[in-house]
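Working notes, beginning with the structure itself.
Each reported figure results from applying straightforward, stated rules to the coordinates on display, with no laboratory input. Quick caveat, the model's predicted, so the values are computed rather than measured. Positions of Cβ are backbone-derived with ideal geometry, glycine not excepted, and every protein chain shown enters the neighbour counts.
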Amino acid sequence: MLKNYIFDLGGVLLDIRMQNAYDRFVALGLPAAELKEGGDVFKLMEDYQLGWVTTEDFCKQVADKCSQGTTPTDIEVAWNSICLGVAERKLNALRQLQNTEGVATVSLLSNTNALHWECSCKNWFCANGNKLEDFFDKIFLSQDLHLQKPDPEIFKTAIRELGASSAETIFLDDSAVNTAAAAACGLKTLTVTPDVDWVKELGI
């Protein structure tokens, strides 16, 4: 029986479009090569997601690689353009799951960074009278743990801190690589693709 539910953020709860930020960065004068693997900004984004770089440093360093006159605020706006929204039906499903008999925990586990997390909280999870605890018992973020999926240690950390059984836990992610890593740690998984509605799949 499933007692614990762990959700990814982007692509599962939060609708995202990474290309939005890339297009805006290039429009601000950032060389496109910087966004590809091996580019300085690509590495900077990885470090920011892992919590090794502050928001201030991230925005300043990217701005410095753009056209003259680009400000850190310009970078923040461009970066947050990735975040499109969290559907109300998903928020309602999380609330319902929280109140379902037999469910022990509902948690979030995400490779994310401070700006995207703050944006998600401000506009959806903590907006219109919402509180984080309405949706999640525990939150595991790469920026806080200095770990990111598909590293098995991030799943082991979540299970350990929840005091949960892997066999009674399901992890939902939009990446098959990440769900495979979770499955290798003994968790049940659901890969959320555009044609997979997790609300219906979970019967909520």
What's the total number of residues in segment 178-197 that are assigned to a helix (DSSP H, G or I) and more than 16 Å from the chain's Cα centre (by Cα)?
4
Is there a residue being of a type in the set (A, V, I, L, M, F, W, C), surrounded by 13 or more Cβ atoms within 10 Å (Cβ to Cβ) and free of Cβ contacts under 8 Å to residues at least 12 places away in the same chain anywhere in segment 153-166?
no
Keeping to segment 58-93, report how many residues are farther than 19 Å from Gln19 by Cα and assigned to a loop (DSSP other than H, G, I, E, B).
6
Being acidic (Asp, Glu) and not in a helix (DSSP H, G or I), is that true of even one residue in segment 111-128?
no
Determine whether Gln19 is in a helix (DSSP H, G or I), free of Cβ contacts under 8 Å to residues at least 40 places away in the same chain and farther than 30 Å from Ala164 by Cβ.
yes
For segment 128-137, does any single residue satisfy the condition of being surrounded by 15 or more Cβ atoms within 10 Å (Cβ to Cβ), within 18 Å of Asn4 (Cα to Cα), of a type outside the set (Lys, Arg) and free of Cβ contacts under 8 Å to residues at least 40 places away in the same chain?
yes
Kindly provide the set of residues from segment 48-81 that are over 17 Å from Ala32 (Cα atoms) and β-branched (Val, Ile, Thr), ordered by number.
Val53, Thr54, Thr55, Thr71, Thr73, Val77
Which pairs turn up if I take residues in segment 186-203 that are free of Cβ contacts under 8 Å to residues at least 60 places away in the same chain and surrounded by 13 or more Cβ atoms within 10 Å (Cβ to Cβ) and look for partners that are part of a strand (DSSP E or B) and among the aliphatic types (A, V, I, L, M) with beta carbon separation below 9 Å, at least 6 apart in sequence or on another chain?
Thr189/Ile170; Thr189/Leu172; Leu190/Ile170; Leu190/Leu172; Thr191/Leu172; Val196/Leu190
Val103 - would you say it is out of contact with any helix residue (DSSP H, G or I) (no Cβ under 7 Å at 6 or more places or on another chain) and not in a strand (DSSP E or B)?
no
Which of the following residues is under 13 Å from the mean Cα position of the chain (by Cα), farther than 26 Å from Asp151 by Cα and surrounded by fewer than 20 Cβ atoms within 10 Å (Cβ to Cβ): Gly69, Gly85?
Gly85
Looking at (1) surrounded by 13 or more Cβ atoms within 10 Å (Cβ to Cβ); (2) within 18 Å of the chain's Cα centre (by Cα); (3) without any contact (Cβ under 8 Å) to a residue 24 or more places away in the chain, can you tell me which one Gln148 breaks?
(3)
Residues of segment 29-56 being crowded, with 19+ Cβ neighbours inside 10 Å and outside any helix (DSSP H, G or I), which ones?
Leu30, Val53
